[in-house]
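Shown next, in structure tokens, is the structure this report addresses.
The values are calculated or read from the model by the stated rules, or taken from the named source; none is laboratory data. All values derive from a computational prediction rather than experimental measurement. Cβ: placed from backbone, ideal geometry, glycine included. Neighbour counts: every protein chain shown.
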Amino acid sequence: MNRLESEGAARLLNKESIGNISKSLKTAIFKHLKKERLDPDAFHFLARAYFFDATEAGLDLNATFLLKQASGNKFNFNLSRNISLALTKMYKSALRARALVKDRHYSGLNRLFILLHETFEARKKKKYIMQELEEIDIDSIPSAYKKLYLWLHLYGISQSGKIEKFQKFENENQSLPVKQRIQFSERERAFLSGIVYFYNKDYIKSLSFLRKARTEKDLISLKAMKLEARIFYKQNLPDKAIHLLEDLYKQTEGKDSEILDIANRIFFDYPELKKKSELKDVKP
């Protein structure tokens, strides 16, 4: 695989649909690396191939995955083994590319691959990941990967409480062609807004958005109600929070451990509530 063929592979991998990446192409890149062991381009496009492997294994940077992670009280992306392996290989390939050359037309995308893995592995605090993300220009990202760029931004912003940045990237997402954007329903958009306003400590607006989101009996409504309980707790309404958590515990048949985590945090500050609560004898 000579240099010209390597650039041809680059053009193939840069097409609108990353579904064009094939096993034979990875084989060609490995063959090329045996001859040119320090070719940064080859390592970068290998990282793209591994990112595609992760999507083939089930990684979907969609609204559902974003909302599930952004609203969680615990850090757990719960990735499958195959996804984790592919992302680790992607990360290592992107690191090698960056170590060999600092500035290429694909440097922004290469940094996104690194930041995606660091996000999933909690290798850096969110504020540092956000600082690096803000240095990447969306115009430098190939169209097939703009969803990755926006997903990482919206995930980081959702728990930062920065309303203006959230609105900026939400608008940026909506301005993209349908195939490139993260698709949000009205309920999902309301729920995400509720999360952002919650971390902004604007609990009145957060409650308003969360109640617009919980119109059906599903995961969004469950998570919205757990956030409501946390808001009541922060508004010095612990009785109301515990009452809501008791109802949720019954609805979920005791299968959601996060409900007990929130309740126990409230019991720690208000031990007198535990004595009369239906959750007092329940073990996490």
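Worth a mention:
- Cβ-Cβ under 7 Å pairs, at least 6 apart or on other chains, segment 163-176 side assigned by TED's automatic domain parsing to the domain that holds S143, far side surrounded by fewer than 16 Cβ atoms within 10 Å (Cβ to Cβ) and of a type outside the set (K, R): I163/N200; E172/I138
- Filter result for L87 (outside any helix (DSSP H, G or I) and either crowded, with 16+ Cβ neighbours inside 10 Å or not assigned by TED's automatic domain parsing to the domain that holds L46 (or both)): no
- Residue within segment 193-200 that is under 16 Å from A70 (Cβ atoms), under 22 Å from the mean Cα position of the chain (by Cα) and assigned to a loop (DSSP other than H, G, I, E, B) present: yes
- Residue in segment 213-229 that is surrounded by the fewest Cβ atoms within 10 Å (Cβ to Cβ), counting only those that are over 16 Å from K250 (Cβ atoms) and among the basic types (K, R): R214
- Selection of segment 201-233 for residues being of a type in the set (K, R), more than 21 Å from K165 (Cβ to Cβ) and in a helix (DSSP H, G or I) yields R211, K212, K223, K226, R230.
- Residue pairs meeting the criteria (Cβ under 8 Å; at least 6 apart or on separate chains; first over 17 Å from R48 (Cβ atoms), in segment 116-143; second among the aromatic types (F, W, Y) and loosely packed, with under 14 Cβ neighbours inside 10 Å): A122/F75
- Residue list for segment 234-284, filter: within 26 Å of the chain's Cα centre (by Cα), part of a helix (DSSP H, G or I) and farther than 21 Å from G194 by Cβ: S257, L260
- Residue selected from segment 74-111 under the condition closer than 30 Å to L227 by Cα and hydrophobic (A, V, I, L, M, F, W, C), by the criterion nearest to the chain's Cα centre (by Cα): F77
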